[in-house]
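*Asks:* What follows is a single structure, and I will ask about it in a moment.
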Amino acid sequence: MQQLFLIGIGTGNPDHVTGEARRVMADADLILIPRKGADKADLADLRRQIVHAVLGPDAPVVEFDLPRRDASGDYLTGVDAWHDAIARAWVDAAGQAQRVALLIWGDPSLYDSSLRIAARLDPAPTIRVVPGITAVQALTAAHAIPVNEIGAPFVVTTGRRLRDEGWPPGVDTAVVMLDGQCSFQSLSEPERYDIWWGAYVGMAEQILDRGPLPEAAARIVATRARARADHGWIMDIYLLRRR
Ligand SMILES: C[S@@+](CC[C@H](N)C(=O)[O-])C[C@H]1O[C@@H](n2cnc3c(N)ncnc32)[C@H](O)[C@@H]1O
């Protein structure tokens with residue numbers, strides 16, 4: 001593999017795929033699509049549809065099974081071994097192809113390990129990153145809100161951190177991703193917050209809700225559980241603003 005293209009494809013709306021993403025996809029000898037068994041959240045179908053729409057039915061695609069993370073021991077050691085295994089899986093799946101592409105959900109720079117995994121490849125290919133629309137942008141666009149208040153900073157964090165560490169210091173706005181547990185419920189003084197929530201943002205299934213946290217929280221928890229049961233998977237994100 002001489003070149004590796006990490007192509008941001010946005011958050012599931014085929015219209016998020018930029019002109020640059022289309023050109024770089026067409027330039028690849030091979031596009032790798034990871035699969036996680038029967039897990040619909042691997043989004044392999046959507047990646048297949050995007051490749052088909054951009055390059056037609058004869059696109060050079062290889063699918064491979066994503067190695068599983070060993071969750072039995074220390075978290076960071078498990079992630080390290082897992083990233084090594086994914087790097088090996090990329091190399092095996094790429095075979096003799098020289099210009100290899102991966103379609104990265106959202107943007108490769110945000111809560112995505114592809115760049116860290118790519119740094120493990122030996123010999124090191126040239127890396128080209130194509131930026132994509134992030135879930136943060138898709139959320140704020142869907143609600144038609146700015147992410148920050150005038151001249152103010154904001155934090156992008158995870159559900160686990162919000163639960164474990166509470167409200168992040170020094171900001172009035174936090175965007176929370178990777179939250180399987182509706183961690184906004186753990187905030188003390190919920191009456192101080194407003195929430196803008198979205199699931200499947202940008203996709204045909206998109207669901208949005210917003211409001212003062214004390215009144216919206218229970219509604220979002222119920223909607224999320226129903227949507228997850230209906231679709232078999234869910235991806236959601238929310239912005240919290242402190243009054
Ligand atoms: C592993 S991170 C990938 C983020 C991605 N690289 C980006 O730029 O948005 C996955 C998290 O992104 C958020 N996410 C991604 N796509 C989403 C969508 N269509 N709707 C809602 N949240 C989404 C969810 O919080 C999910 O847990």
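The values are calculated or read from the model by the stated rules, or taken from the named source; none is laboratory data. Being a predicted model, the structure only gives us computed values, none of them experimental. As a convention, Cβ positions derive from the backbone with ideal geometry for all residues, glycine included, and neighbour counts pool all protein chains shown. What goes into the accessible areas is simple: the full protein's heavy atoms, side chains included, and nothing from ligands, DNA or RNA. Shrake-Rupley method; radii C 1.70, N 1.55, O 1.52, S 1.80 Å.
*Asks:* Residue-wise, which Karplus ³J(HN,Hα) couplings in Hz belong to the range 149-154, taking 6.51 cos²θ - 1.76 cosθ + 1.60, θ = phi - 60°, and x for glycine or proline?
*Replies:* 7, 3, x, 9, x, 9
*Asks:* With every protein chain left in place, what is the accessible area per residue of the chain in square angstrom, probe 1.4 Å?
*Replies:* Ligands and nucleic acids excluded, the result is 51 Å² per residue.
*Asks:* Sticking with this structure for a sec: Provide the packing ranking of 223-229, 193-199, i.e. peptides ordered by the mean count of other C-beta atoms within 10 Å per residue, highest first. Provide the component values of the computation, followed by the final result.
*Replies:* Working: 223-229: 14.4, 193-199: 21.6.
The most tightly packed comes first, giving 193-199, 223-229.
*Asks:* Let me ask something else. Enter the accessible area of H52 (Å², nearest 10), with the probe set to 1.4 Å and all protein chains included.
*Replies:* 100 Å²
*Asks:* Shifting gears a bit: As I understand it, the value is the acute angle between the Cα axis of helix 213-231 and the longest principal axis of the Cα atoms of the chain; what does it come to in degrees, rounded to 10?
*Replies:* Tilt of helix 213-231: around 30 degrees.
*Asks:* Once Lys and Arg get +1 and Asp and Glu get -1 on their Cβ, which of G180, T140, Y193 lies farthest toward the positive end of the dipole of the range 136-242?
*Replies:* Positive-end residue among those listed: G180.
*Asks:* Specify the angular offset, from 0 to 90 degrees and rounded to the nearest 10, of the alpha carbon long axis of helix 44-55 from the longest principal axis of the alpha carbons in the chain.
*Replies:* Between the helix axis and the principal axis of the chain, the angle is about 60 degrees.
*Asks:* In addition: Over what distance in Å are the Cα centres of the range 165-191 and the range 8-65 separated?
*Replies:* Centre-to-centre (Cα) distance: 33 Å.
*Asks:* With equal scatterers on the alpha carbons only and no solvent term, can you work out the Debye log10 of I(q)/I(0) for the chain at 0.07, 0.08 1/Å?
*Replies:* After summing over all Cα pairs, the log10 values are -0.26, -0.34.
*Asks:* What dipole magnitude, in Debye to the nearest 20, does the range 16-104 give about its Cα centre under +1 on Lys/Arg Cβ and -1 on Asp/Glu Cβ? List each step's numbers first, then the result.
*Replies:* Working: 11 positive and 14 negative charges, 54 e Å.
My answer is approximately 260 debye.
*Asks:* Let me cross-check E215: its accessible surface, 1.4 Å probe, with only protein heavy atoms counted, in Å² to the nearest 10?
*Replies:* 110 Å²
*Asks:* With charges only on Cβ, +1 for K and R and -1 for D and E, what is the dipole size of the range 136-242 about its Cα centre, in debye, rounded to 20?
*Replies:* Values: 11 positive and 13 negative charges, 31 e Å.
I would put it at about 160 debye.
*Asks:* Right, next: Among A53, A93, A138, which one shows the biggest mean-square fluctuation in a GNM of the chain, springs joining Cα atoms closer than 10 Å?
*Replies:* Highest fluctuation of the listed residues: A53.
*Asks:* If you roll a 1.4 Å probe over the chain with all protein chains in place, what percent of the accessible area is carbon or sulfur? Let's see the in-between values first.
*Replies:* Values: 6240 of 12430 Å².
Carbon and sulfur: 50 percent of the exposed surface of the chain.
*Asks:* For every helix of n ≥ 4 consecutive DSSP H residues, a contribution of -39,500 (n - 2.57) applies; sum these over the chain, divide by its total residues, and give [θ] at 222 nm rounded to the nearest 500 deg cm²/dmol.
*Replies:* -10000 deg cm²/dmol
*Asks:* Continuing with this model, one more query. Evaluate the charge dipole of the chain about its Cα centre and quote only its size in Debye, nearest 20, assuming +1 on the Cβ of each Lys and Arg and -1 on the Cβ of each Asp and Glu.
*Replies:* 160 debye
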